[in-house]
Amino acid sequence: MLVRFWGVRGSTPTPQTENLRYGGNTSCVEVRVNGEIFVFDCGTGFRNLGKQLAQEKNGHDIRAHIFLSHFHWDHIQGIPFFAPLYGDPGNSFVFHSSSRTLGLQRALEEQMSAPYFPVNMNKMAAERKFYEIDEGSIAFDQCTVQAMWLNHPQGCLGFRLETKDKVLVYATDNEPGHPIFDKNVRKLAEGADVLIYDAQYLPEEYAARKLGWGHSHWREAVNVVMESGAKELILFHHDPDHTDACIDTVVTQARAYYPRVRAASEGMEILL
Ligand SMILES: [Zn+2]
Ligand SMILES: [Zn+2]
């Protein structure tokens, strides 16, 4: 299994010099399992993934399963700029998520409706399928993907991708302190090789100003990795106001509690 980070920032893109070592694009993580492509979230990092796939496939069809945690802009805004959706009718993309209010297809199409975007989603030539999912497990050739609800305004799904010998968990946009969702995220992360987890705030920022905003902090991320028995923690969904220097400090502080912690950065790869 190969994991690649294309966007690691939360809330909004931050193309500022003081943020560029970790990266300014919003949430997008690619996972390859024996040639099958899985994508978790389509923030602005999704655009660069599209360029990479087009170059790599060099005219051959591109197929991928795309899991959307939820529909806030920082998780879907790369879709209109993902070139492989426009080019080739042989390309095929399967979107999996749950929009309890609008429905999955409509939630994505409306992002591109007038007057918000000049090109309608039905101008995309690639085959697109939309699967409404809920908590539960989906089986693919080489792996399963399990979804569970997290604690976030308007809902958010966390995902556990499991092959016969490796487990990757993508759990972002989750606020601690709710008995059901606290349990959900630990269950999802149980024994995982890698846990990618929401660490948007500093613990003191969260306590002072961000209660109820739907996000976690690095200290809770450390709690989750230790209590779930996951092996490695990747801090993710960095706050737009957190500079590279701030994230470096967070990593050092977190490692005082648990040694296997890294902060996600654009271009980072993990081979499992
Ligand atoms: Zn987000
Ligand atoms: Zn969100």
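The values are calculated or read from the model by the stated rules, or taken from the named source; none is laboratory data. In this text the structure is predicted, and so the values were computed from the model without any measurement. As a convention, Cβ positions derive from the backbone with ideal geometry for all residues, glycine included, and neighbour counts pool all protein chains shown. Note: areas computed on protein heavy atoms with side chains; ligands, DNA, RNA excluded. Shrake-Rupley method; radii C 1.70, N 1.55, O 1.52, S 1.80 Å.
The table below gives the values:
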read-out	value
Relative contact order (%) - region 131-272, alpha-carbon pairs under 8 angstrom, separation at least six	19 percent
Overall dimensions of region 76-197 by Cα: Rg and Dmax, Å	16.4, 47
Percent accessible area from carbon and sulfur atoms, region 90-232, protein chains only, probe 1.4 Å	50 percent
Rel. contact order, % - alpha carbon contacts under 8 angstrom, at least six apart, the chain	19 percent
With every protein chain in place, region 24-69: carbon and sulfur % of accessible area (1.4 Å)	39 percent
Label zone at Gln16, where the point sits 7 Å out along the Cα-to-Cβ direction: region 213-233 residues whose backbone N lies under 18 Å	none
Residue (of Val261, His75, Leu2) at the positive-pole extreme of the chain, dipole from beta-carbon charges	Leu2
Exposure rank, largest accessible area first [Phe40, Phe71; 1.4 Å]	Phe71, Phe40
Once the Cα gyration tensor of region 119-255 is diagonalised, semi-axes √(5λ) in Å	27, 20, 15
Two-site FRET efficiency, Asn58 against Val94, from Cβ-Cβ distance with R₀ of 22 Å, rounded to 0.05	0.50
Per residue accessible area in Å² of region 86-237, where ligands, DNA and RNA are left out and the probe is 1.4 Å	44 Å²
Neighbour-limited loop hits for GluC sites (Glu not before Pro), region 104-176 (at most 14 other Cβ within 10 Å; DSSP other than H, G, I, E, B)	Glu135
Alpha carbon centroid spacing (whole Å) that separates region 107-171 from region 12-82	12 Å
Convex hull volume per residue in cubic angstrom - Cα atoms of the chain	124 Å³
Potential lengthening between Leu211 and Thr144 on full extension [0.36 nm per residue; Cα-Cα distance subtracted]	20.7 nm
Cα lying deepest toward the dipole's positive end in region 158-238, options His238, Leu188, Ala171, charges on Cβ	Leu188
